[in-house]
Amino acid sequence: MGGTPSDDKTDGVHAVEQAMRIRMVWEEVCTSHWARPFDEVLEALTVAAHRWDVPIDPSFAKRAALEIHAGSWE
C-alpha cells in the first residue's frame with residue numbers, strides 16, 4: 001500500500017477476497033470433517049486450500065487440522 005488511492009482500494013479488495021476464501025476453506029472442512037481422524041482432516045484442509053487458491057503453511061495446516069479434529073472435545 002502507499003500508492004494511489006485506487007491502488008490502496010484494489011489492495012483492500014484483494015485482502016477481503018483472500019479472507020473470504022480462507023473462511024470458505026475453514027467452513028468447508030469444519031462442516032465435512034468435524035471430529036474425524038486427524039490425517040483425514042489435514043488432507044481435506046490441504047485439498048480445500050488448493051481448490052480455493054489459498055496458500056497454506058504446513059505448520060498452520062497441522063494446527064488447524066488439530067483444532068477441527070479435536071473440536072468435539074469442547
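The values are calculated or read from the model by the stated rules, or taken from the named source; none is laboratory data. None of the values given here were measured: they were computed from a predicted structure. Quick reminder, even Gly has a Cβ in these numbers, built from the backbone with ideal geometry, and neighbours come from all protein chains shown. Keep in mind that these areas ignore ligands, DNA and RNA; they rest on the heavy atoms of the full protein, side chains included. Shrake-Rupley method; radii C 1.70, N 1.55, O 1.52, S 1.80 Å.
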Subject >> Members of the range 42-57 that are open to solvent by less than 80 Å² (accessible area, probe 1.4 Å) and either touching a Ser or Thr at 6+ places or on another chain (Cβ under 9 Å) or part of a helix (DSSP H, G or I) (or both) >> reply: Leu42, Ala44, Leu45, Thr46, Val47, Ala48, Ala49, Ile56
Subject >> Failed item, numbered, when Gly2 is tested on (1) in contact with a helix residue (DSSP H, G or I) (Cβ under 8 Å, 6 or more places away or on another chain); (2) at pLDDT 90 or above; (3) open to solvent by less than 80 Å² (accessible area, probe 1.4 Å) >> reply: (2)
Subject >> Of the criteria (1) touching a helix residue (DSSP H, G or I) at 6+ places or on another chain (Cβ under 8 Å); (2) open to solvent by less than 100 Å² (accessible area, probe 1.4 Å), which one Glu67 fails >> reply: (1)
Original post:
Between residues in the range 13-34 that are closer than 18 Å to Gly71 by Cα and residues that are of a type in the set (Ser, Thr, Tyr), which pairs lie under 9 Å by C-beta distance while being six or more apart or on different chains?
Top reply: Trp34/Ser72
